[in-house]
1. Only one of these conditions is not met by GLY380: (1) out of contact with any helix residue (DSSP H, G or I) (no Cβ under 7 Å at 6 or more places or on another chain); (2) within 20 Å of SER213 (Cα to Cα). Which number is it?
2. Kindly indicate whether GLU108 is within 21 Å of the chain's Cα centre (by Cα), modelled with pLDDT of 95 or more, among the charged types (D, E, K, R) and not in a loop (DSSP other than H, G, I, E, B).
3. Just one of GLU433, GLU422 is of a type in the set (D, E, K, R) and crowded, with 24+ Cβ neighbours inside 10 Å; which is it?
4. In segment 206-225, how many are surrounded by fewer than 21 Cβ atoms within 10 Å (Cβ to Cβ), assigned to a loop (DSSP other than H, G, I, E, B) and not β-branched (Val, Ile, Thr)?
5. ALA245 fails exactly one of the following numbered conditions: (1) among the hydrophobic types (A, V, I, L, M, F, W, C); (2) surrounded by 15 or more Cβ atoms within 10 Å (Cβ to Cβ); (3) without any contact (Cβ under 8 Å) to a residue 12 or more places away in the chain. What is the number of that condition?
6. Which number in (1) more than 30 Å from ALA407 (Cα to Cα); (2) among the hydrophobic types (A, V, I, L, M, F, W, C); (3) without any contact (Cβ under 8 Å) to a residue 60 or more places away in the chain marks the one condition that ALA255 misses?
7. Quickly run through segment 182-197 and pick out the residues that are more than 22 Å from the chain's Cα centre (by Cα) and surrounded by 15 or more Cβ atoms within 10 Å (Cβ to Cβ).
8. Taking strands (runs of 3 or more DSSP E) that fall entirely within segment 334-436, which contain at least 3 residues that are among the hydrophobic types (A, V, I, L, M, F, W, C)?
Amino acid sequence: MVSCQLAVIGAGSAGCGAALAASRLGIDTILVENYQRIGGTSTFAGVNCYEPVAGATGISRRIFQEMQRNDSAGVGIYRITRHCMIPDEAAHPFPGSEQRIDPAGRYEDTLRSHMEEQEFSRALRLRRGIIFEPELFCRTVEGLLAQSGCCRLRTGVAPAAVECRDGVLRRMVLTDGTLLEAARWIDCTGAVAAQCGCRMLFGQEASGRYGESGAPKFPEPVLNGVSQIFRIRPAADDAVEPLPAGIPAGCWWAAQFPMACITEYPNGDFNCNMLPTMSGLEFYAFEAGAVSAELKRRVYAFWHYLQTTFPEFRRFRLHHIFPRPGCRDGYRVLCRRMLTERDILGGLARQKRDEIIALCDHPLDFHGRGGGGRSGLLYGIPYHSLVPAGMKNLLAAGRMAGFSALAASSCRLSRTMLQLGEAAGTAAYLSLERREDFPELPPGVVRELLQDGGVEL
């Protein structure tokens with residue numbers, strides 16, 4: 001048997017944030033990850049172009065600074081140079097948005113994106129985000145965890161079974177047979193909460209459930225779209241790469257090809273995100289092996305379309321298709337406090353500030369369905385959106401936390417997930433120190449300790 005004070009399950013953005021926060025505070029922590037490397041979609045799916053988002057301070061800032069220190073050529077600040085929604089660029093067709101490295105960009109520039117809707121064009125020109133080499137992120141976080149001396153990393157294993165009674169998760173059997181015991185748990189996958197019997201949510205809720213004007217009248221099996229991201233590299237000559245055998249030219253899965261978000265790496269490569277590559281519901285309907293093959297087929301068709309329609313792409317070659325897709329939506333956990341569309345549209349001014357443990361200002365953004373771009377107001381995520389209903393020693397941190405489907409379309413960003421992880425790791429420390437279960441822990445004390453650690457709230 002292996003025991004610890006805190007077990008964090010899942011080493012994506014939220015899991016990394018949770019483990020870093022807890023180990024920095026001196027908690028004996030075990031971080032469990034199904035894959036052999038940590039980082040989640042930032043490592044395996046090409047989701048390494050972080051959008052501007054308010055509140056990405058604390059551990060998010062620390063990771064960025066450490067990446068710069070480790071390899072300044074592996075991380076940069078980008079800005080939007082072309083966008084199909086900027087009116088004065090209409091004479092220069094582009095299949096979405098182009099984002100280039102901005103040598104003068106500062107980290108602070110990536111923290112402010114909220115603008116009024118009527119200022120959308122201006123806001124786009126002012127947006128700054130972060131792009132980094134996936135391996136650099138992984139190496140940096142692993143280094144920070146090692147420096148703490150309080151975190152043990154277990155990769156290549158996942159939860160197989162749990163022992164949970166009366167809202168208390170006591171033990172877990174991992175897929176390698178290890179029996180794991182912990183006083184506090186943070187689930188960053190949703191799998192643990194599901195095995196504990198928590199109520200799981202899937203798809204779009206009806207408008208009446210949370211009073212959301214943008215939701216349908218009746219529940220719908222609609223999920224945010226999935227992206228299969230790929231990387232292109234400059235070439236010495238102009239050429240259109242041939243389509244692999246068996247892949248037709250054209251968009252067979254939709255009326256037309258979607259847009260793309262194309263972002264420059266510091267080394268001159270570009271990260272290409274087709275928005276979306278597949279609808280969320282279609283993705284979950286595929287068998288595991290078949291969905292990967294279909295996503296790659298669509299990437300090849302889309303790349304052929306870019307090269308044959310926009311001559312500038314003939315100076316590039318397809319370099320790499322990331323091994324995992326970027327999933328924006330899936331199962332979510334019913335928590336004590338559900339973040340909803342009303343919170344986002346109302347903004348921080350209408351929320352109770354002492355409950356807030358993370359900030360965001362990204363608009364509602366439901367890829368594959370439309371209706372995006374609403375709001376962009378600064379709002380907060382309450383602490384109890386991380387506390388699963390009926391559980392005492394388990395937190396849910398990540399995009400499967402206590403969000404309605406509409407709310408999740410806004411707060412799902414990677415740096416926001418880092419924030420949620422940091423808040424969860426901080427709450428675990430306080431829960432152990434005060435000997436209080438997670439539901440009884442005052443949100444205000446979590447908020448204060450986060451602020452003491454450099455998180456702007």
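1. Of the numbered conditions (1) out of contact with any helix residue (DSSP H, G or I) (no Cβ under 7 Å at 6 or more places or on another chain); (2) within 20 Å of SER213 (Cα to Cα), the odd one out for GLY380 is (1).
2. Working: within 21 Å of the chain's Cα centre (by Cα): yes; modelled with pLDDT of 95 or more: no; among the charged types (D, E, K, R): yes; not in a loop (DSSP other than H, G, I, E, B): yes.
No.
3. On the way: GLU433 fails: crowded, with 24+ Cβ neighbours inside 10 Å.
On inspection, the qualifying residue turns out to be GLU422.
4. So the first thing to find is which residues in segment 206-225 are surrounded by fewer than 21 Cβ atoms within 10 Å (Cβ to Cβ), and the list is 206-211, 213-214, 216-222.
Those still in the list that are assigned to a loop (DSSP other than H, G, I, E, B) too: 206, 211, 213-214, 216-219, 221-222.
Adding the requirement that they be not β-branched (Val, Ile, Thr) leaves 206, 211, 213-214, 216-219, 221.
Result for segment 206-225: 9.
5. The one condition ALA245 does not meet is (2).
6. If we test ALA255 against (1) more than 30 Å from ALA407 (Cα to Cα); (2) among the hydrophobic types (A, V, I, L, M, F, W, C); (3) without any contact (Cβ under 8 Å) to a residue 60 or more places away in the chain, just (1) comes out false.
7. First pass over segment 182-197, keeping only residues more than 22 Å from the chain's Cα centre (by Cα): 182-184, 195-197.
Of everything in segment 182-197, those that are more than 22 Å from the chain's Cα centre (by Cα) and surrounded by 15 or more Cβ atoms within 10 Å (Cβ to Cβ) turn out to be ALA182, ALA183, ARG184, GLN195, CYS196.
8. Values: elements: 356-360, 379-382, 394-396.
Here the list reads 356-360, 394-396.
The values are calculated or read from the model by the stated rules, or taken from the named source; none is laboratory data. What you see is a predicted model; the values in this text were computed from it and never measured. Please note: Cβ atoms are built from the backbone with ideal geometry, for glycine as well, and neighbour counts cover all protein chains shown.
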